[in-house]
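What follows is a single structure, written as structure tokens, with notes after it.
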Amino acid sequence: MTAHHIKFEKRDDGIGILTIDRAEKRNAMTYAMLAAFIGKVREVAKDDTVRVLIVTGAGGTFCAGTDLADLSTIPGETRGVRGEAHESDVWWPLVSCPKPVIGAIDGFAVGMGAEFSSQCDVRIVTNRARFAWNFAHRGLVPDTGAGSWLLPRLIGHSRALRLLYSGGFLEAADAKEIGYANEVVAPEALMDAAIAEAKRYLVSSPFSIRHMKGLVYEGLARELPEHMKAHVTALSACFKSADHKEGVASFLEKRPAKFTGS
């Protein structure tokens, strides 16, 4: 079941497409599916031939959250959480991935689906996309921690708390208006729009992108002096990198850069 429901395609241009494919259950995640999803993202993180990752769902739905039938097989009193607090790639696999991650989101992104949408760096959504952090309806808090930490930083504390308290839906047009969605397209145009967005990043240095993503996310929790120390370290590493040398040479020679990510 796991292999069948988590699919990955690696294109020749360096774009990877990770699809949650359990359309008959609106792509609800079982424990086995979640483990496969996290494992595949870990593989992508280590694969230098994948430059950008697109995460999407099959059958007109992104992800309807955790499969509650699967969850109920373990009583809440004895159910453990999925990992230790410090295991960031277990809780936030898409944030931990050092590649750009684009969410191509159609239909429902509910519960864990909404959480994973928050973990994407960029969100391209259809006009029928609907987001809901409905954990309060189940007596829970946002299950990856993204809804309580990332979401307020993305849309503001008051908007985030309103969504968390009510468990109500954030519609596509509203998501675009408040900056949660970067682009809204028709369902049939979703993958083309996501691939076009991914291609914008292929001209950039993977070495630079890796360091920028780390600086941005880690910077959300740091004071400025600590952030600047990390910035200086990253900038120094960039100066010494092959990608920086190639970026300067390609500009002077008026040709496209051929970055290696080193």
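Rule-based calculations on the coordinates, nothing more; no lab input. In this text the structure is predicted, and so the values were computed from the model without any measurement. Reconstructed Cβ throughout: ideal geometry from the backbone, glycine too, with neighbour counts over all protein chains shown.
Using a simple charge model, +1 on the beta-carbon of Lys and Arg, -1 on the beta-carbon of Asp and Glu, nothing else, what dipole does the chain show about its Cα centre, in debye to the nearest 20?
420 debye
From the phi angles alone, apply the Karplus equation (6.51, -1.76, 1.60; θ = phi - 60°) to region 41-53 and give each ³J(HN,Hα) in whole Hz, x where the residue is Gly or Pro.
Taking θ as phi minus 60°, the curve returns 5, 4, 4, 4, 4, 9, 9, 5, 7, 9, 9, 9, 10 Hz for region 41-53.
When the Cα centres of region 121-157 and region 199-246 are compared, how far apart do they sit, in Å?
27 Å
Determine the sum of side-chain charges near PHE62: Lys and Arg each +1, Asp and Glu each -1, restricted to other residues whose C-beta is under 12 angstrom from that of PHE62.
+2
Output needed for region 118-262: three equivalent-ellipsoid semi-axes, defined as square roots of 5 times the C-alpha gyration tensor eigenvalues, in descending order, whole Å. All intermediate terms of the calculation are to be shown ahead of the outcome.
Working: eigenvalues 246, 99, 21 Å².
In descending order, the three semi-axes are 35, 22, 10 Å.
Counting pairs of alpha carbon atoms under 8 Å apart in space and at least six apart in sequence, what relative contact order in percent does the chain give?
This gives 15 percent for the chain.
Report, by chain and number, residues whose modeled amide H sits under 5 Å from the one on ARG128, excluding near sequence neighbours (fewer than 5 apart, same chain).
GLY107
Quote the convex hull volume per residue of region 94-198, based on C-alpha atoms, as a whole number of Å³.
81 Å³
Would you mind computing the Rg to Rh ratio of region 125-181 from its alpha-carbon coordinates, Kirkwood style for Rh?
0.95
To make sure I understand the rule: partners must be lysines, Cα under 30 Å from the Cα of LYS213, and not fewer than 8 residues away in the same chain. Which ones qualify?
Straight-line reach from LYS213, under 30 Å: LYS7, LYS10, LYS40, LYS46, LYS99, LYS176, LYS199, LYS229, LYS240, LYS245, LYS254, LYS258.
Using Cα pairs closer than 8 Å and at least 6 residues apart in sequence, work out the relative contact order for region 168-262, in percent.
This gives 26 percent for region 168-262.
Using alpha carbons only, what's the Rg to Rh ratio of region 5-60 with Rh from Kirkwood?
Rg/Rh: 0.99.
Of the listed values (i) 1.03; (ii) 1.39; (iii) 0.93, identify the label whose number matches Cα Rg over 2.2 N^0.38 Å calculated from this model.
Answer by label: (i).
Can you work out the Karplus-derived ³J(HN,Hα) for every residue in region 156-173? Use 6.51 cos²θ - 1.76 cosθ + 1.60 with θ = phi - 60°, whole Hz, and x for glycine or proline.
Computed from phi, the couplings for region 156-173 are x, 5, 5, 4, 4, 5, 4, 5, 5, 5, 8, x, x, 8, 9, 7, 4, 4 Hz.
Residue separation times 0.36 nm, minus the C-alpha to C-alpha distance between ARG153 and HIS4: what's the value? Let's see the in-between values first.
Numbers: separation 149, 0.36 × 149 = 53.64 nm, distance 3.50 nm.
Taking 0.36 nm per residue and subtracting the Cα distance, the gain is 50.1 nm.
Step through the residues of region 124-140 one at a time and calculate ³J(HN,Hα) from phi using the Karplus curve (6.51 cos²θ - 1.76 cosθ + 1.60, θ = phi - 60°), rounding each to whole Hz and writing x for Gly and Pro.
Result, rounded to whole Hz: 9, 10, 8, 6, 10, 5, 9, 10, 8, 9, 8, 5, 5, 6, 10, x, 10.
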